[in-house]
Amino acid sequence: MSEGAAVDKSAQKSGTILEKLNLSERSWKFYAAASIPPIVVAGLALWYYSSRGNESAKKDDKKKRQRKARKAKKTAKTSESDADVESKDAAGEEVSEKTTSAATVEEGDEENPESMTGAQIAALDKDTKKKIAQSLKSRGNKFFQAKRYSKAIELYTQALRFDEDPVFYSNRAACYAADNNYPLVIEDCSSALKLEPRYVKALMRRAQAYESTERFRESLYDFTTACILEDFNNNVAASGAERVLKNLAELEARERISKRKPRLPSKSFITGYLNSFRSCGDRAVASEGEQISRADELYNDALDFIATQDYARAFEAIEAAVEVAENVEEAQGTGTQRSDDIYSLRGTFNFLRSNLDQASADFEKALEINSSHVRTYLRKANLFTEKKEIETVTKLLDTADSVDNDNAEVYFQRGQLRFLKQEFVKAADDYERAASLDPDFVYPRIQLGVVQFKLGKMQDAMKTFEEAMARFPTRSDLYNYYGEVLAEQGGSESAINAFERAIELDRNNPLPYVNQAIATFQTTNNADKALTLIRDALRVDSECELAVAALSQIYLQLGMIEESLSMLRRAVDLAKSEEEMVSAITFRETTAAQFRFMSEHPELISKMMGSMQ
């Protein structure tokens, strides 16, 4: 879906690199693969079609994921508490242990070495020490199987006096895990891993202990390492990584959002959203021989600032306009000409700032002043789309249609809703109707081309774009979206030309810089040119989410992982909503975990990369 032609702010997020990758729906293994250089940045500059429209399917998928997570968690817990305690003979080969009941365990089965002093043990030869240690461990296994964990711990501890074998630490950790003594589980597994860094059972036990103590980042690293060491064939580790990653990302995102003050997103994001409407409102005009009110003056100032993309000052002006209008109302009744537009526009800015409660209050006030204010119904519909309350969105669009059934914006926004629900044929009808009602409204034509492309009607899509470009030859955004469609078809050279034309028409639009960078990098592998283009985009808009995310991906492919992580951290800071932040944190944490693996296990990098081919 086009970034400029959005039905709502959540649909706008399709313009970010993370949403174009559809990260919120990816498995942990996808993040793992995407974090390994070199990879192909497939899809970064291409259209992303939201799958959120099919609500029932989404709910079914969610229930399946929840059942899967519960099952995985249960499996992980069982693996921990019923630990498969290894046993080795004197030659170091693993041997099986039969489950032994408590009644058959006798402490006097073998000669008791517990009373030996350190000096006596030191005097023994290596083979004898190993033999005694294995005997103690074997006795410990029997007590473990009998669930007499304290005695098993004693015997594993004694075994360690004779031979510091990582298995003994891991087995003792299994006993501590059975008693939910997670700090000691972590301590013993860490000791085992110092001796044997590739010891998967110790990694798994420590990962589960970290998870149980909500040390999710450490848990993720251990699960990730276990997965890589076993060629991503360890389903318990993979499920654990997904579960922990989800908890980590959601917890951090929730905390960040709760502490963060509402703020405006990037300039390019705001421009894209506002452009999905024909205008931001009608100017206040003084009657003959009269002056407009101070509130109307401030409202007009806000419109002027919007026209120059000075959105911070526009918000300040509309805030001041509301304050003046409210004071006038209290003193002598309204003398403001555009009160409905004033509250509606402030609601729009609060919506963009993710201050949804205040936005809702502003829209209600605008409709209280003017129940026929169509633009407010459409903006309010966007707000409820953000909340995923699709039935409410439908009712609001129907109300707007009843107020003005020949309004191009109403048909366009209804088309966007149907696009979101993947009702593409009906969406195309709405876009065509909107374009016929207002031939100067470019975005219905853009979205019509997109939906025709989605339906596989390539010739129709190309014709729609060509006709639009003939009618709107100076619209940078139109050429940018046309380039994206060409890139999706594999026409990289034509796409690059379209992006170049978009840049020529508007050098302050960061999106074609980013799209051209990605297309260039994909087709020519010219990293220098791609990086220059993305830096140009960031010069135009330093908070452009698409540029930041794309830069992180190119850095990743170039093996510049620390630089990539820096950009991913920036992407988290720029995330506009909790959902988008979860996606950004997820990618950041998976990349960080694998970077750590590559740093600690450089000899296994080829193995890791080979497993993901």
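The values are calculated or read from the model by the stated rules, or taken from the named source; none is laboratory data. Keep in mind that what you see is a predicted model, and the values were worked out from it rather than measured. Reconstructed Cβ throughout: ideal geometry from the backbone, glycine too, with neighbour counts over all protein chains shown. Calculation scope for accessible area: heavy atoms of the full protein, side chains included, ligands and nucleic acids excluded. Shrake-Rupley method; radii C 1.70, N 1.55, O 1.52, S 1.80 Å.
Tabulated values for the structure
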quantity	calculated
Residue within the stretch 182-195 that is surrounded by fewer than 22 Cβ atoms within 10 Å (Cβ to Cβ) and polar (S, T, N, Q) present	yes
Filter result (at pLDDT 90 or above, part of a helix (DSSP H, G or I) and open to solvent by 40 Å² or more (accessible area, probe 1.4 Å)) within the stretch 328-339	none
Selection within the stretch 197-222 - closer than 17 Å to Asn234 by Cβ and open to solvent by 60 Å² or more (accessible area, probe 1.4 Å)	Pro197, Arg198, Lys201
Enumeration of residues in the stretch 401-417 that are touching a residue at least 24 places away in the same chain (Cβ under 8 Å) and within 33 Å of the chain's Cα centre (by Cα)	Glu409, Val410, Tyr411, Phe412, Gln413, Gly415, Gln416, Leu417
Complete set of residues in the stretch 154-180 that are in a helix (DSSP H, G or I) and either open to solvent by 20 Å² or more (accessible area, probe 1.4 Å) or among the acidic types (Asp, Glu) (or both)	Glu154, Thr157, Gln158, Leu160, Arg161, Pro166, Tyr169, Arg172, Tyr176, Ala178
Only one of Ile554, Ile605 that is of a type in the set (A, V, I, L, M) and either assigned to a loop (DSSP other than H, G, I, E, B) or at pLDDT below 90 (or both)	Ile605
1 or more residues at pLDDT 95 or above and either open to solvent by 30 Å² or more (accessible area, probe 1.4 Å) or over 30 Å from Ala366 (Cβ atoms) (or both): qualifying helices (runs of 4 or more DSSP H) within the stretch 229-327	235-259, 294-307
Helices (runs of 4 or more DSSP H) lying entirely in the stretch 356-425 (those with 3 or more residues that are within 17 Å of Ser279 (Cα to Cα))	374-386, 408-420
Test: Glu579 is assigned to a loop (DSSP other than H, G, I, E, B), open to solvent by 10 Å² or more (accessible area, probe 1.4 Å) and in contact (Cβ under 8 Å) with a residue 24 or more places away in the chain	no
Subset of the stretch 194-234 (residues that are in contact (Cβ under 8 Å) with a residue 12 or more places away in the chain, farther than 21 Å from Pro183 by Cα and among the polar types (S, T, N, Q))	Asn234
